[in-house]
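The values are calculated or read from the model by the stated rules, or taken from the named source; none is laboratory data. Bear in mind the structure is a predicted one, so any value in this text is a computation, not a measurement. Every residue, glycine among them, receives a Cβ derived from its backbone with ideal geometry; neighbour counts consider all protein chains shown.
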Amino acid sequence: MPDPILSVPAAAAERAIIDLEPESLTSWADQFLADGYRLALVAAHDDSPSPAQRAALRVVYLFTDGPPDSRIELHVRLDPHHPQLPSLAAMSFPAGRFEREMHDLYGIVPLDHPQPRRLVRHHHWPRGWHPMRADAGPPPEFDNPEGPYPFLIVQGPGVYDIPVGPVHAGLIEPGHFRFSVVGETILKLKARLWFVHKGLEKLFEGRSPADALPLAERVSGDTTVGHALAYCLAVEDATGWQVPPDAQRKRAILLELERLYNHITDIGALCNDVGHGILHAHAMRIREQLLRLNADVTGHRLLRGGVLLGSAHLRTLPGTGHLQTIAADIAEITHLALGHTVIADRLTGTAVLSNQAARDLGALGYVARASGLHTDARHQHPFHRAIEDFTPAIRDTGDVLARFLIRADEISASIALITALTPTVTADTTRTERPTTTGHGPRSGVGIVEGWRGTITHRIELAPDGTLTRAKIVDPSFFNWPALPVALSGAIVPDFPLVNKSFNLSYAGNDL
């Protein structure tokens, strides 16, 4: 086996790229995981020059740590005749899910995987058709080649199943939940997703970076800034595009504005799920104020158009006095909610996700921080020095109450950060020109952002002509969906809406 090629470009983040043979993957990954690195992303690539040629498959494993910001990539090229590699599922639960995704979309076989069943591919997908490969061609006739999904059947006296979905009464995307219960106690929950796999990553291919930005803004509609910023950071990383400090501060303001309106929405919905409609109405009143503030700041209620490649745009500055009034309003809602014995009883001790379970599953965002994990990209991977000293809010009980309180804590922290940054920026567009590209080889870049749900990671590769050849997107919901059934084990069926809202996972961000 040739020696690994180690490349460490000069950048703010420590970054290494290591080329490996498949048989070396396990030992390298084991070392990084033992050193405390997180497996942030696994991306399969088809480097075939044309669809007519045999697939040239490559897999990229991104390990991250911080502070200080550190990123290490393992690149593994596969035998085109037998695209397979050793599974990392035994040492990393997220790795096992990434491998199942690769198997479905690229036909890459993870050897000795403990759960080799399909993940993305539903029963009606044609066998042997892998849509992300260059040689996939048009989709064949969809049929039922593999039969229904092999749900685990829980049996015993008094055990029965409650199927919910995939079509729901609310305005949410489809997902199937199968509860195995005794009485009202949940023994096991299986969540089946990917009913609307959109081929979104494929839509990035062949576009210019600027043309693909609207796609990034729409990965998950409630996370416009988070995904747009992660994408822009990845492109800027690949091209060496230096973004002025003023634009970085504007981006930080936009990111926290997005966190505000989503967190107060969840606080209100949690109150509503335990029957306190008045507090829910007041939370929606504040949400509307924040959405109108967003429209004033960027021209769009969901903050589209604020984050641009190499720049950021603010039409007006958020009124810090108005935000302080909103902060006091939210604090009163939180106080009234927790002072109500029925609400406190329903939230406390409900659906506990232990610290160890959150760690083993690779949980992110407020789900992780409510279980005592110090996981926050604002602290671990700051995109500007104004936020590198940020201290994440942490709770340790891991129940619905902790996930409620984390949101309240983060609202206060977000308003404080916006208040501190707003006097340092101006209401305009801070622009820089894209640097002239040198060299002829493909380039890659990674963007890591703490979106309101948790850490978002984008990795892109550019062809020599500057067009995108690959975009890999990882929303925190990909990591957090498996934690929901674990937390619900032993809970009661009537608590499912409450617990589900406390996680508030994205279907769109997961079903790419």
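Overview of results
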quantity: Qualifying position, being in contact with a strand residue (DSSP E or B) (Cβ under 6 Å, 6 or more places away or on another chain), closer than 21 Å to N510 by Cβ and not polar (S, T, N, Q), among A40, A89; calculated: A40
quantity: Hey, L152 outside the structural domain of D465 (by TED's automatic domain parsing) and within 25 Å of S489 (Cβ to Cβ) or not; calculated: yes
quantity: Wholly enclosed helices (runs of 4 or more DSSP H) of region 175-258 bearing at least 1 residues without any contact (Cβ under 8 Å) to a residue 60 or more places away in the chain and small (G, A, S); calculated: none
quantity: Output for region 336-352, where each listed residue is in contact with an Asp or Glu (Cβ under 6 Å, 6 or more places away or on another chain) and of a type in the set (G, A, S); calculated: G349
quantity: Region 82-125, residues that are under 22 Å from the mean Cα position of the chain (by Cα), under 20 Å from L20 (Cβ atoms) and assigned to a loop (DSSP other than H, G, I, E, B); calculated: L88, A89, M91, S92
quantity: Residue satisfying all of: in region 289-322; surrounded by fewer than 18 Cβ atoms within 10 Å (Cβ to Cβ) and among the charged types (D, E, K, R); farthest from L257 (Cα to Cα) among these; calculated: R315
quantity: Test: residue in region 378-392 that is within 21 Å of the chain's Cα centre (by Cα), of a type in the set (D, E) and surrounded by fewer than 20 Cβ atoms within 10 Å (Cβ to Cβ); calculated: yes
quantity: Number of the condition not met by I278 [criteria: (1) aliphatic (A, V, I, L, M); (2) over 25 Å from the mean Cα position of the chain (by Cα); (3) surrounded by 24 or more Cβ atoms within 10 Å (Cβ to Cβ)]; calculated: (3)
quantity: Matching residues in region 58-111 - criterion: being closer than 20 Å to P131 by Cβ and aromatic (F, W, Y); calculated: F98, Y106
quantity: Matching residues, region 165-174, being touching a strand residue (DSSP E or B) at 6+ places or on another chain (Cβ under 7 Å) and free of Cβ contacts under 8 Å to residues at least 24 places away in the same chain; calculated: G165
quantity: Sole residue being in contact with a Gly (Cβ under 9 Å, 6 or more places away or on another chain) and either under 30 Å from P392 (Cβ atoms) or modelled with pLDDT under 95 (or both), chosen from L57, L74, L6; calculated: L57
quantity: Only one of R118, R58 that is within 23 Å of L152 (Cβ to Cβ) and basic (K, R); calculated: R118
quantity: Subset tally (residues that are surrounded by fewer than 19 Cβ atoms within 10 Å (Cβ to Cβ) and closer than 26 Å to E450 by Cβ) for region 71-92; calculated: 1
quantity: First in region 340-357 and under 16 Å from L405 (Cα atoms), second anywhere and surrounded by fewer than 17 Cβ atoms within 10 Å (Cβ to Cβ), Cβ under 6 Å, 6 or more apart; calculated: A344/L338
quantity: Total residues in region 273-290, condition at pLDDT 95 or above and in contact with a helix residue (DSSP H, G or I) (Cβ under 6 Å, 6 or more places away or on another chain); calculated: 8
quantity: V493 being in contact with a Phe, Trp or Tyr (Cβ under 7 Å, 6 or more places away or on another chain), closer than 30 Å to T334 by Cβ and of a type in the set (V, I, T); calculated: yes
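The rows are residues; the columns are (1) under 17 Å from the mean Cα position of the chain (by Cα); (2) within 30 Å of V182 (Cα to Cα).
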position	(1), (2)
I415	no, no
V449	yes, no
I460	yes, no
P482	yes, yes
L498	no, yes
D511	yes, no
